[in-house]
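The values are calculated or read from the model by the stated rules, or taken from the named source; none is laboratory data. As the structure is a prediction and not an experimental result, all values here were calculated from the model. Cβ placement follows ideal geometry from the backbone for every residue including glycine, while neighbour counts extend to all protein chains displayed.
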Amino acid sequence: MALRFASLGSGSKGNGTLVASGDHCLLVDCGFTIKETERRMARLGLSPADLSAILVTHEHSDHLSGVAPLARKYKLPVYLTPGTLRARDIGKLPTVHLIEGHRPFAVADIQVTPVAVPHDAREAAQFVFRHCGASLGLLTDLGTVTPHVEEQFGGCDALVLEANHDPRMLAQGPYPPSLKRRVGGAYGHLSNQQAAGFLQRVGCEGLQHLVVAHISEKNNTVELAREALASAAEQVASCIFACQQQGFGWLDIEKKS
Ligand SMILES: [Zn+2]
Ligand SMILES: [Zn+2]
């Protein structure tokens with residue numbers, strides 16, 4: 001096993017993804033209270049004291065609300081872009097590492113490549129993680145798949161990919177018109193069909209794991225996402241659907257032979 005990953009929960013009510021090498025573990029985003037984070041990490045056999053750092057993708061509260069309290073309690077360094085840091089009052093952080101938009105960096109023994117994505121946030125970044133010849137892409141919270149995104153995330157060994165909404169459910173659903181336009185717009189979230197189109201273009205034969213994530217509880221169902229992504233799912237070794245309450249359990253990525 002080169003890299004492994006798991007989720008504390010995935011969706012608009014809170015996100016948190018664990019990315020671990022043999023010796024180090026990072027938490028990407030934290031949209032949960034301290035207590036809830038401790039409880040969800042315990043489910044995965046860890047405590048926040050085991051973390052080396054927290055990385056933040058952007059300032060929306062489902063990704064950020066728990067970051068500062070957790071960082072303060074466990075004295076964890078936080079990595080984020082200057083735009084995310086300044087977008088709102090995050091609260092006091094013990095140690096801040098500013099990420100430069102396109103420049104790869106390392107946290108402990110894990111290499112991290114930030115990738116700018118179109119999302120209605122000040123300076124959103126998603127990430128590709130590499131360790132010992134294996135790579136994991138985390139790609140949620142974007143309204144459009146750009147050529148840059150395709151280039152950076154195509155060829156990953158494992159992928160956590162947003163399939164946020166079904167366009168018809170979004171159109172007929174409970175959100176006010178302005179929010180419907182935001183979610184479905186170029187700076188909102190990927191639909192099931194956009195996620196499927198992305199996988200079709202970059203190819204997914206080499207994927208060890210495809211995790212479908214950030215699935216809306218109001219504007220989507222696992223069944224609709226599964227249907228839209230059926231042909232991709234057939235090509236990958238494992239395809240799972242992350243949920244808000246359980247996230248998903250540990251998945252191992254083997255080094256490419
Ligand atoms: Zn989100
Ligand atoms: Zn967001």
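Tabulated data for the structure shown
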item	result
Check on R39, in a helix (DSSP H, G or I) and either away from ligand 2 (no atom under 16 Å from the Cβ) or not charged (D, E, K, R) (or both)	yes
Condition check for V160: of a type in the set (A, V, I, L, M), under 21 Å from F241 (Cβ atoms) and within 15 Å of ligand 1 (Cβ to nearest atom)	yes
L229, sole failed condition from (1) modelled with pLDDT of 95 or more; (2) surrounded by fewer than 20 Cβ atoms within 10 Å (Cβ to Cβ); (3) not polar (S, T, N, Q)	(2)
Pair list, Cβ < 9 Å and 6+ apart or interchain, from region 116-140 residues that are of a type in the set (A, V, I, L, M) to residues that are assigned to a strand (DSSP E or B) and within 11 Å of ligand 2 (Cβ to nearest atom)	A116/Q126; V117/Q126; L138/Q126; L139/Q126; L139/E162
Yes/no for T17 being at pLDDT 95 or above, outside any helix (DSSP H, G or I) and touching an Asp or Glu at 6+ places or on another chain (Cβ under 6 Å)	no
